[in-house]
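Readers should treat all values here as calculations from the given coordinates under stated rules, not as data from a laboratory. In this text, all values refer to a predicted model and were calculated from it rather than measured experimentally. Please note: Cβ atoms are built from the backbone with ideal geometry, for glycine as well, and neighbour counts cover all protein chains shown.
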Amino acid sequence: MEKPEFEELLRAIGHEFNDPTLLQRAITHSSFANEAGHSEDYERLEFLGDAVLELIVSHMLLDRFPEHKEGELSRLRASAVNRHTLATIARRLGMGEFVQMSRGEEKTGGREKETILADVFEAVIGAIYLDGGLGAAGSFIERYFDLLFAGADERILFTDYKTRLQEASQAQLAATPTYRILETTGPDHDKRFVVEVSIGRAPYGTGTGKSKKEAEQQAAKVAYERLVPEGMAEKDAEE
């Protein structure tokens, strides 16, 4: 990466690195590391950044929603720290154009893949944490999640259909939903899952997604809307 481009990325992130090689590693995809013969990509930093992100967001939720109980906070956190949200923030920062990846990965649209963007965002958090500590990482995270939490009612923004379906099915049918993968297609870097949800022995819906979790949420949404009448579903969302 040329120096002007690297400095542009530093400005976008807003953290002055004492060790810029940490950021360099945070934007290095495994395809580039393998192609260039490098030993390190962003995956270890992503692992660390994921833990730091969960800690900081947990603290933010405690402060912002003092009336919420543990279960509600857990659902909010799980819904906030998801691939789509992280990829959206990464796009705002323009991270995709700075990721070092192989030509093959780039040709398949790697710079716009949600999985890669979300992973890089977490890796950058890990890099900031190692370079500047928890305070620096927290400031970076809060800058974007403060806007997210302030931008919409959390009940609408964070819809967890798996939880809603479980609560509704237990109340109405005294049964817990179960999920199974019907189909997995695509290469490792771009898989697609088809999941079916059943209540008791009856199938209630199917969903597709680029991860098992996303497909399960889509299937749960179909099943929930089938199980709960529209008016009741709206009332449940408002409670």
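Pairs of Cα atoms nearer than 8 Å and 6+ residues apart set the relative contact order; for segment 161-238 it is 26 percent. One chain, two ends: ALA171 and LYS213. Fully extended at 0.36 nm per residue, the span grows by 12.8 nm beyond their Cα-Cα distance.
Considering only alpha-carbon pairs that sit under 8 angstrom and 6 or more positions apart, the relative contact order computed for the chain is 18 percent. Between 0 and 90 degrees, the angle of helix 114-150 with respect to the longest Cα principal axis of the chain falls at about 40 degrees.
Would you mind ranking HIS84, HIS29, HIS15 so that the residue whose beta carbon has the fewest other beta carbons within 10 Å leads the list? Taking fewest neighbouring Cβ atoms as first place, the list is HIS84, HIS15, HIS29.
Set the bar at 23 Å for Cα to Cα. Now go through LYS107/LYS191; LYS69/LYS113; LYS69/LYS162; LYS107/LYS213 and name every pair that lies beyond it. Result: LYS69/LYS113; LYS107/LYS213 exceed 23 Å. Within the chain, DSSP assigns beta bridges of which about 95% are antiparallel (rounded to the nearest 5). With the charge dipole of the chain set up from +1 on Lys and Arg Cβ and -1 on Asp and Glu Cβ about the Cα centre, the Cα lying farthest toward the positive end among the listed residues PRO66, PHE121, GLY200 is that of GLY200. Using Cβ point charges alone (K and R +1, D and E -1), the dipole size of the chain about the Cα centre works out to roughly 740 debye. Put simply, when 173-181, 113-121, 136-144 are sorted by average Cβ atoms within 10 angstrom per residue, most first, you get 113-121, 136-144, 173-181. So how tilted is helix 43-64 from the main axis of the chain? Cα-based, degrees 0 to 90, rounded to 10. Result, in degrees: 60.
Using 0.36 nm times the number of residues separating SER58 and ASP146, minus their current alpha carbon distance, what extension gain do you get? Mind showing how you got there, number by number?
Details: separation 88, 0.36 × 88 = 31.68 nm, distance 1.24 nm.
That pair, SER58 and ASP146, stretches by 30.4 nm at full extension.
Counted residue by residue at 0.36 nm each, then reduced by the alpha carbon distance between them, the extension gain from ARG11 to THR115 reaches 35.1 nm.
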